[in-house]
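Here is the structure we will look at.
Throughout, read-outs are computed from the coordinates displayed, never taken from laboratory work. Here the structure is a predicted model, which means the values were calculated and not measured. Neighbour counts run over all protein chains shown; Cβ positions are idealised from the backbone, glycine included.
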Amino acid sequence: MSQPIALARIQLQRGEAGAAADLLGPVLAAEPDHVTALVLMTHAQLALEKPELAHEVAARAVQHAPGSAEALTALSRTLTALGRHDEAIAMAQAAVARQADNPYRHNRLAWALLEQGQRSVEAEHAAREAVRLDPDEADFRITYAMVMKQLNLPDRAQQALRDALRLAPDNAVARHELAAFDVVHRNPFALSRLARGVTGLVAALRADPRQEASRHLLDAALRQFLVYTAIIMVVFAYLGWRVSDDSAGWARALAATAALAPVGYAGYFLARLDRVLRSYLKEVVGRQRAASSAAALTLALLLFATVAPAGWLPVLLGVASLAGFAVRLLTSMVPRT
């Protein structure tokens, strides 16, 4: 029985939960009370997003070995997945009591407390203890970062994530979380930070292409950039419309600015992306032809306004403002893949 269990453990480490479950099935059919196989099957079923089945298997493991810290930890994970947070914390605390010198037990307790959401200080103590017991494990640094994030201490969270990447440069979760700090902000002029964030998300996807959270956040970040670009165009077009009755010269200057400022804004951002990311941005833009058509119409109106007769300017700039606003709305609604 040792060989299929060892192979199943390797499959789980590789992220092949289905293959691991297939290996463990015959083992448990022959030995229903095999605690190690039950624990591994619990982790496999959780990875397969079957928390009810995972809980059933973990409960069997604890029933057969009530003193096993590993079984208690597995059961705690299933209870967290089922939203039974108080019970998950109790199981994690029981595992810590049995193996106080095992950093994985403290790490599980930290996550149980973190998911419960109301005991962040206790989660910080547990996460810090896991790091103290094994300072070379990147996952423990990530847990500590998540606790710092919940405590609204972003600087300490980012430092913990950088420490995790120092220990494991290809850790996709650490790359994703660190990039998220650069992407999730409200400063439309922090383009270097936004570019750094999307670059980090691409690195996370390269490390683990299955990271759907990174893919969705990358799309959101690129749409955010496109929305900011559309807003710049709308603002200057609207200002030009407001002054068009009083000063044709100022109206034409603002029309030119409305056309050129987004180009400069986009150019500054694109210059900070690699070729692959620029191609991906084109793909994001191309997913909705309506937004692209509205943008082309807006730019055409703005450019024509720079040379059109003065009497035409209010209509041209007014329509350009509305078309630019349509670009902003349509861009924010670009569908995800």
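For the reader, a short list of remarks on this structure follows.
- Extension gain, ALA30 back to SER292 (0.36 nm per residue minus Cα-Cα distance, nm): 88.2 nm
- The alpha-carbon atoms of the chain define a convex hull whose volume equals 150 cubic angstrom per residue.
- Computed from backbone phi with θ = phi - 60° and the Karplus coefficients 6.51, -1.76 and 1.60, the 3J(HN,Hα) list for the range 106-114 is 5, 5, 5, 4, 4, 5, 4, 5, 4 Hz; x is used for glycine and proline.
- For the range 69-134, the alpha carbon positions stretch 29, 25, 14 Å along the principal axes, listed from largest to smallest.
- Karplus-derived 3J(HN,Hα), 6.51/-1.76/1.60, for each residue of the range 86-98, Hz, glycine and proline x: 4, 5, 4, 5, 4, 5, 5, 5, 5, 5, 4, 4, 8
- As computed over the range 203-269, the Cα convex hull volume per residue (Å³): 59
- Taking every alpha-carbon pair under 8 Å whose residues sit at least 6 apart, the range 141-223 reaches a relative contact order of 23 percent.
- Note on the range 135-265: with charges restricted to the Cβ of Lys and Arg (+1) and Asp and Glu (-1), its dipole about the Cα centre is near 200 debye.
- Applying both filters, DSSP loop and at most 11 other Cβ atoms within 10 Å, to the chymotrypsin sites (Phe, Trp or Tyr not before Pro) of the range 158-235 gives PHE189.
- Exposure rule at most 13 other beta-carbon atoms within 10 Å, DSSP loop trypsin sites (Lys or Arg not before Pro): the chain longest free segment: 15-185
- Take every Cα pair under 8 Å whose residues are at least 6 apart in sequence, average their separation, divide by the length of the range 240-333, and the relative contact order is 38 percent.
- The value for the range 185-337 of Rg(Cα) / (2.2 N^0.38 Å) is 1.15.
- For the range 204-251, with +1 on Lys and Arg beta carbons and -1 on Asp and Glu, the positive-most of ALA213, TYR228, TRP250 along the dipole: ALA213
- The 3J(HN,Hα) values that the Karplus relation (6.51, -1.76, 1.60; θ = phi - 60°) gives for the range 27-42 are, in residue order, 4, 6, 5, 7, 10, x, 9, 6, 5, 4, 5, 5, 5, 5, 5, 4 Hz. Gly and Pro appear as x.
- Space enclosed by the convex hull of the alpha-carbon atoms of the range 132-184, per residue, Å³: 66
- Mean separation of Cα contacts under 8 Å (6+ apart) over length of the chain, as relative contact order %: 9
- Projected onto its three principal axes, the C-alpha set of the range 97-153 covers 28, 23, 13 Å, listed from the longest axis down.
- Seen from all directions on average, the range 1-142 presents a Cα convex hull projection of 8.0 nm².
- Point-charge dipole on Cβ atoms (K/R +1, D/E -1) for the range 153-230, about Cα centre, debye to 20: 140
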